[in-house]
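Everything below concerns the one structure shown next.
The values are calculated or read from the model by the stated rules, or taken from the named source; none is laboratory data. Owing to the predicted nature of the structure, the values given are computational and were not obtained by experimental measurement. Cβ sites come from the backbone with ideal geometry, for glycine too, and all protein chains shown count toward neighbours.
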Amino acid sequence: MIRMEMIKLIKKYFTILKIKEIKIFQVNLTMKEGHYSWSNQSFRSFDSTVVEIITNQGISGFGEICPLGPSYLPSYSEGVRVGIKKLSEILLGKDPSNINNINFLMDNALKGHPYVKSAVDIACWDILGKKMNIPVYTLLGGKLQSKVKLFKVISRDIPEIMQEKVNEYQEQGYQQFQMKVGAEPTVDISRIKLVSKDLKAGNILGADANCGWKQHDAIRVINAVSDLDIYIEQPCLTYEECKAVRKKTNLPFILDECMDSIQSALRAWNENSVDIINLKISRLGGLSKSKLFKDICCSLGISLTIEDSWGSQIADAAIGHLAHTTPAELHFQSSAFHEYTNVVTAEGAPTVKEGYMYCSENPGLGIIPNHKELGNPVLHFFD
């Protein structure tokens, strides 16, 4: 009996892992509150892609990517699945625990398109954690905070409903809020003033335009609310526009959509164009490049929001592991997307309590996939 267990251990730790299968699942994430609206867009559900990588040792890893559509950013769900189909040609048979090589191969095979590679990269981290029997946050360098501060999104609506929502969420224990604006500048001024009016002392509010304002409108809105204690996030589409707005306003700035590389972050820091950066894992291509981005920003003293474009329990697990490895004083906030959807793609997601998120301590991402919800794979590749 002991001899058999020893043989199993030897095989586990000394047999080279190989990717045997790649499965792709498609899931529609419906919204608990009926819709989710930002800037000039509104959705009742989001199209999410879950990737399962199966190895020759029977270890499976999972990742998730949920873009918000090509009219928002240059990424879309159908493109994810087509892109992973292309990547499967060079990934099958490779060692998923050699994550550097996996990323090298993906970058050579598919220029750009980081969102396509993100779920694959995350699944490989999940596999490595399970193989080593440790959580992903340990592989990423170790925990630096025991709990992760969350923000609650106040979906764009008429000002009075948004005011009601901030009170409802404050009763749930949330202390940080991101209200969606960017559609109608004049109405946005009313939205910001009404929501801010009911904000409890010490709580934090950000007004996120998601690129929705024109430069002149952004300056007008921000100056109209300049007496309030709030943050402004990504007022305009381009970095240059946001930089120009910052020069003519006085509220702290969060940059999001235009922060798509280490180079963009370094430029913003060097030109004093940003106070906080919103790090989205899939926009950078997964946990590997997000860790590098996070470490560089922290070394420069740049505070971070750590999240992703959207997702369910699997995406939140990746967010939680990365956020836990960020110094508390430089971690501004994170999001828990599974709080907004009716769909459960996995058990073991980070738990949420009174505005904080707590990551699983189980090996890998710590999640157990809900195969009933995932259904049959829409694509399946074999070695």
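State whether one or more residues within the range 112-123 are on the phi < 0 side of the Ramachandran plot and over 17 Å from the mean Cα position of the chain (by Cα). No: zero hits. Among the residues making up the range 284-311, those that are assigned to a strand (DSSP E or B) and either over 10 Å from the mean Cα position of the chain (by Cα) or of a type in the set (Asp, Glu) (or both) are 303, 304, 307.
Could you please let me know if residue 214 is surrounded by fewer than 16 Cβ atoms within 10 Å (Cβ to Cβ) and within 27 Å of residue 162 (Cα to Cα)?
Values: surrounded by fewer than 16 Cβ atoms within 10 Å (Cβ to Cβ): yes; within 27 Å of residue 162 (Cα to Cα): yes.
Yes, satisfied.
For the range 165-192, filtering for residues that are surrounded by fewer than 16 Cβ atoms within 10 Å (Cβ to Cβ), of a type outside the set (Ser, Thr, Tyr) and part of a helix (DSSP H, G or I) leaves 4.
Taking the numbered list (1) acidic (Asp, Glu); (2) surrounded by fewer than 18 Cβ atoms within 10 Å (Cβ to Cβ); (3) touching a Gly at 6+ places or on another chain (Cβ under 6 Å) in turn, residue 198 passes all entries but (3).
Among the candidates 207, 244, the residue that is of a type in the set (Gly, Ala, Ser) and in a strand (DSSP E or B) is uniquely 207. Being under 23 Å from residue 256 (Cα atoms) and part of a loop (DSSP other than H, G, I, E, B) is a condition met by at least one residue of the range 21-38. Among the residues of the range 343-364, just one is in a loop (DSSP other than H, G, I, E, B), surrounded by fewer than 22 Cβ atoms within 10 Å (Cβ to Cβ) and of a type in the set (Ser, Thr, Tyr), namely 360. Across the range 70-85, the qualifying residues are those that are surrounded by fewer than 16 Cβ atoms within 10 Å (Cβ to Cβ) and not hydrophobic (A, V, I, L, M, F, W, C), and the one among them that is nearest to residue 182 (Cα to Cα) is 71.
Looking only at the range 247-283, count every residue that is in a loop (DSSP other than H, G, I, E, B) and within 21 Å of the chain's Cα centre (by Cα) and tell me the total.
Going through the range 247-283, the residues in a loop (DSSP other than H, G, I, E, B) turn out to be 248-252, 256-261, 271-275.
In the following step, the residues that additionally are within 21 Å of the chain's Cα centre (by Cα) were identified as 256-261, 274-275.
Of the residues in the range 247-283, 8 are in a loop (DSSP other than H, G, I, E, B) and within 21 Å of the chain's Cα centre (by Cα).
Contact annotation: residue pairs with Cβ atoms under 6 Å, 6 or more positions apart or on different chains, pairing a residue in the range 113-124 that is closer than 13 Å to residue 289 by Cβ and not assigned by TED's automatic domain parsing to the domain that holds residue 287 with a partner that is in a helix (DSSP H, G or I) and among the polar types (S, T, N, Q), are 115/282; 118/282; 121/288.
What tally of residues in the range 166-192 results from selecting those that are in contact with a helix residue (DSSP H, G or I) (Cβ under 8 Å, 6 or more places away or on another chain) and on the phi < 0 side of the Ramachandran plot? Give the derivation first.
Taking the range 166-192 as the starting set, the residues that turn out to be in contact with a helix residue (DSSP H, G or I) (Cβ under 8 Å, 6 or more places away or on another chain) are 166, 177, 179, 181-182, 185, 187-192.
Keeping just the survivors that are on the phi < 0 side of the Ramachandran plot gives 166, 177, 179, 181, 185, 187-192.
The number of residues fulfilling the criteria is 11.
Residues that are surrounded by fewer than 24 Cβ atoms within 10 Å (Cβ to Cβ) and either under 19 Å from residue 349 (Cα atoms) or among the acidic types (Asp, Glu) (or both) within the range 45-58 comprise 47, 52, listed in sequence order. Sub-6 Å Cβ pairs linking a first residue in the range 343-354 that is farther than 23 Å from residue 44 by Cα to a second residue that is β-branched (Val, Ile, Thr) and surrounded by 19 or more Cβ atoms within 10 Å (Cβ to Cβ), at least 6 apart or interchain, are 348/367, ordered by first then second residue.
Conditions (1) β-branched (Val, Ile, Thr); (2) part of a loop (DSSP other than H, G, I, E, B); (3) farther than 18 Å from residue 359 by Cβ, marked per residue:
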| position | (1), (2), (3) |
| --- | --- |
| 111 | no, yes, yes |
| 116 | yes, no, yes |
| 130 | no, no, no |
| 145 | no, yes, no |
| 149 | no, no, no |
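Does residue 74 fit the bill of being in a loop (DSSP other than H, G, I, E, B), closer than 22 Å to residue 349 by Cβ and not charged (D, E, K, R)?
Criteria not met by residue 74.
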